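Q: What follows is a single structure, and I will ask about it in a moment.
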Amino acid sequence: MKRILTLLLMMLSCAMMAQDTIVLQTVEVDAEAIRRNAAESAMERKMDTAILKRLNTITMSQLLIQHSPVFIKTYGPGGVATASFRGTTASHTLVLWNGFQINAPTLGQVDFSTIPVYMTEQVALKWGSGTSQNSGGLGGVINIDNTQHFGEGLILDLKQTYGSFNTFGSYITAGYSWASHLLRVKAYRTSSDNDFEYLNICTIPHQVMKQKNGEYVDYGLMPEYQYRFRNSLITIVSWNQWSDRNCPQIMTNVSNSDNTKEYTDNGYSRNFISYKTYWETGKIEIKSGYFYEKQHYYLTSYADNGIPATQVDSHNDANVFHQIADLNQDLYKSWKLNAKIQYDYEKVISNNYDQSENADRNMLSFYAAVTGKLLKPLDLRLTLRNDWVDWDSKGFFPTATLSYSSIFVKGLKLNVGYSHNYRNPSLNDLYWYPGGKPDLKPEDGRTVDGNIMYLRTFGRFSVETTWGAYYSEVKDWIQWVPSKWRFWVPENVNTVTAYGTEAHLKLNYFINDWNFTASGNYVYSHTTDESGLQLMYIPLHHANAFAEVRWKTWNATYTMEYTGRRKTQMDPEEFYGFQLNPYTLHHVSLGKQIRKFYAEFRINNLTDVDYMAILWRPMPGRSYEVSLNYKF
């Protein structure tokens, strides 16, 4: 907290020194979007900024479930939510915040339920050859970025939400945007009793019960400061969040809920400073970051005589230092070079690790990419990366993307790509006690994919559609398996094969005061190991759809999310205990703009579906939420 207060005072002092600046209204053009060729954007999709602004009081997990092809494995409100990209596991989805990796060094994963959409302005998805800049994204990469604009004056944005189960959300953005300085602070707090009713099918007879011990509180603070001069830009950002969550019992163990105390107390502080300078034909950015993450899990279960039967008190403190130098330079005609050097140092202090081992790691990466036109309709992108882990080279990892823009059908593009990537074992895989194995091999993945894209505008009507397919193999897949000593150990067990298809469609039509938008995603993911069985908790099918109608100051939305059948155990026998049934959820909302105020009413799970996303974990039925937003 002292570091945060010190940073705030420094930012405030810099802002006060700039009070005599004359504010000029400016118009900024995103040159990056113009300069990128088709091959660079072939394996990437940016989330609609209008949706991000309207849904910025929900979590990143909810956003991805409803508006992306990424499958989210969620334990429910206040519970962990992890991503499965193209049939891979949570540790194969790389998450970058302003270019810095935020996957925890301990598990190698990101809990998307702890990321509020409110803390970001841009979200983009990358897959296949689009993941080449960093190691680890064998399934895909999710980029989360902050953007700012100069010369806009006072910044003030207030939001308040209230919903079922005594769920509160308070959000504030305040600051000032001068011609060459920007000072902004974001803060939020959410809480819920999380005591919804559900049907417990594990009791005989089945009973309607209320969830106990599900309360949670999340809150965060993000101060930002930017200063631009001549052709340069300095940025300082500190993203801090804290989460206190109780852990409810599963359906099969509710009778013991009064004798069990279980909770998590987690938090992180992600801080970076960057210097970026431009010249006529390129730019370079140098940035340095320090990330700290605290994970605390506590469990005590008492027997009937009051004596503790189970007791766990787990503490993990992770410290990560990042250093990045990123160069972009125009070469000849359409050809461009992107080169990056990155050094990361990870260190974890844990009471769960073998104290005889050093739970730290040095990582050095060299990356280069060349893009340009082979012919007028044909774009090429080639990349090469070499990584060193604890000064041991992991080899070279190439990717290639070829994009063809049709000269016969306007707006039609065909893209194909090849990528070779790998993922280091997490520090838990290496040093967890008992079970960790310091000699684990990295996972080695290769992917071939392609897609057909069609983007066209016809007067008041526009269409955007993509259909793609992929095939990938991951060798030395890391999986925790039971050992003969009755504890679990990680093993490089086998090769996992994943293939599937993805489809995306977005339509927009406007006339006079009316605007109609519809979009949707469908994904088929077939992921098996050498036994031929679909991996646990990865559905063959999942989909979502969204529709919005706007008329003057009114808007109404409809959202659908579908999750197919999932296995919960790697067992060749098929019966109901090893599978979760598919489910479809529907959500609706109605909102109105009144001058600088916007009010909205939302109904989640409109048809009150009874379902499970995780085996024996109840999920809420129909719920309601109201929100009020004031923006200066």
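The values are calculated or read from the model by the stated rules, or taken from the named source; none is laboratory data. This is a predicted model, so every value here is computed, not measured. Every residue, glycine among them, receives a Cβ derived from its backbone with ideal geometry; neighbour counts consider all protein chains shown. Accessible surface areas use protein heavy atoms only, side chains included; no ligands, DNA or RNA. Shrake-Rupley method; radii C 1.70, N 1.55, O 1.52, S 1.80 Å.
Q: Using 5 Å bins from zero, what percent of all Cα-Cα pairs in segment 153-194 falls into each bin?
A: 7, 20, 22, 15, 12, 10, 7, 5, 2, 0
Q: Scan (1) 19, 48, 28, 5, 0; (2) 14, 34, 27, 16, 8, 2, 0; (3) 17, 54, 27, 2 for the value of P(r) over Cα pairs in 20 Å bins from 0, in percent calculated from this model and give just the label.
A: Of the listed options (1) 19, 48, 28, 5, 0; (2) 14, 34, 27, 16, 8, 2, 0; (3) 17, 54, 27, 2, (3) comes from this structure.
Q: Let me ask something additional. Around TRP514, with a cut-off of 9 angstrom between Cβ atoms, what is the net charge of the other residues, counting Lys and Arg +1 and Asp and Glu -1?
A: +1
Q: Cβ under 10 Å from GLU285's Cβ, GLU285 left aside: what net charge do those residues give with Lys, Arg +1 and Asp, Glu -1?
A: Residues close to GLU285 contribute a combined charge of +3.
Q: Scan segment 493-582 for chymotrypsin sites (Phe, Trp or Tyr not before Pro) in coil per DSSP, keeping those whose Cβ has at most 15 other Cβ atoms within 10 Å, and list them by number.
A: Of the chymotrypsin sites (Phe, Trp or Tyr not before Pro), the ones in loops of segment 493-582 whose Cβ has at most 15 other Cβ atoms within 10 Å are PHE575.
Q: Separate question: What net charge is computed for the residues neighbouring GLY137, neighbours being all others with C-beta under 10 Å from the C-beta of GLY137, Lys and Arg scored +1, Asp and Glu -1?
A: Overall, the nearby charge balance is +2.
Q: Which of the lysines could be linked to LYS437 by a straight reach, that is with a Cα gap under 26 Å, when you skip same-chain ones fewer than 8 residues away?
A: Hits, sequence-local ones excluded: LYS294, LYS347, LYS394, LYS475, LYS484.
Q: Quick one: which residues, 5+ away or cross-chain, put their amide H under 5 Å from the amide H of ASP354? H built at 1.01 Å from N.
A: TYR433
Q: Magnitude of the Cβ-charge dipole of the chain, K/R +1 and D/E -1, about the Cα centre, nearest 20 debye?
A: 2060 debye
Q: Kindly report the accessible area of segment 204-252 per residue (heavy atoms of protein chains, probe 1.4 Å, no ligands, DNA or RNA), in Å².
A: Accessible area per residue: 49 Å².
Q: Then there's this: What is the set of long-range amide H partners of ARG565 at a cut-off below 5 Å, with H atoms built 1.01 Å from backbone N?
A: Long-range HN contacts for ARG565: LEU540, HIS541.
Q: Continuing with this model, one more query. How much area per residue is accessible in segment 101-170 when the probe is 1.4 Å and only protein heavy atoms are counted (Å²)?
A: 28 Å²
Q: Could you provide, to the nearest whole Å², the per residue accessible area of segment 455-510 with probe 1.4 Å?
A: 59 Å²
Q: Same structure again: Enumerate the lysines that LYS210 could reach by cross-link, defined here as Cα to Cα under 21 Å, with residues fewer than 8 away along the same chain left out.
A: LYS261
Q: Under a point-charge model restricted to the Cβ atoms of Lys and Arg (+1) and Asp and Glu (-1), what is the dipole moment magnitude of segment 514-632 relative to its Cα centre, in debye to the nearest 20?
A: 1040 debye
Q: How much of the accessible area of the chain, in percent, comes from carbon and sulfur atoms when a 1.4 Å probe is used?
A: That share works out to 59 percent.
Q: Please report how far the C-alpha centroid of segment 356-376 lies from that of segment 174-192, rounded to the nearest whole angstrom.
A: That distance is 33 Å.
Q: If you don't mind, there's one more thing I want to ask. What are the residues whose amide H is under 5 Å from the amide H of ALA179, where those residues sit 5 or more places off or on another chain and H is modelled from the backbone?
A: LEU24, GLY151
Q: Could you give the dipole magnitude of segment 325-372 about its Cα centre, charging the beta-carbon of Lys and Arg +1 and that of Asp and Glu -1, in debye to the nearest 20?
A: In debye, rounded to 20, segment 325-372 gives about 380.
Q: May I ask you to list the trypsin sites (Lys or Arg not before Pro) in segment 273-356 that are in a DSSP loop and have at most 11 other Cβ atoms within 10 Å of their Cβ?
A: Sites meeting the loop and neighbour criteria: LYS333.
Q: Right, here's the next one. Between ASN515 and ILE273, 0.36 nm times their residue separation minus their Cα-Cα distance comes to what?
A: Once the chain is fully extended between ASN515 and ILE273, it gains 83.0 nm.
Q: Work out from phi, with θ = phi - 60° and the Karplus expression 6.51 cos²θ - 1.76 cosθ + 1.60, the ³J(HN,Hα) of each residue of segment 182-193, listed in order in whole Hz, and give x for Gly and Pro.
A: 9, 10, 8, 10, 10, 8, 7, 8, 10, 8, 7, 6
Q: Could you tell me the relative contact order of segment 124-254? Use alpha-carbon pairs under 8 Å, at least six residues apart, and round to a whole percent.
A: 17 percent
Q: Quick one: what are the phi-derived ³J(HN,Hα) couplings along segment 150-163, Karplus 6.51/-1.76/1.60 with θ = phi - 60°, whole Hz, x for glycine and proline?
A: My calculation for segment 150-163 gives 8, x, 9, x, 5, 10, 8, 9, 10, 9, 9, 10, 8, x Hz in order.
Q: Can you run phi through the Karplus equation (6.51, -1.76, 1.60; θ = phi - 60°) for segment 236-248 and list ³J(HN,Hα) in whole Hz, with x for Gly and Pro?
A: Residue by residue, segment 236-248 yields 10, 9, 9, 9, 10, 9, 9, 9, 10, 9, 7, 10, x Hz.
Q: Could you please state, rounded to a whole Å, how far the C-alpha centre of segment 439-514 is from the C-alpha centre of segment 297-328?
A: 30 Å
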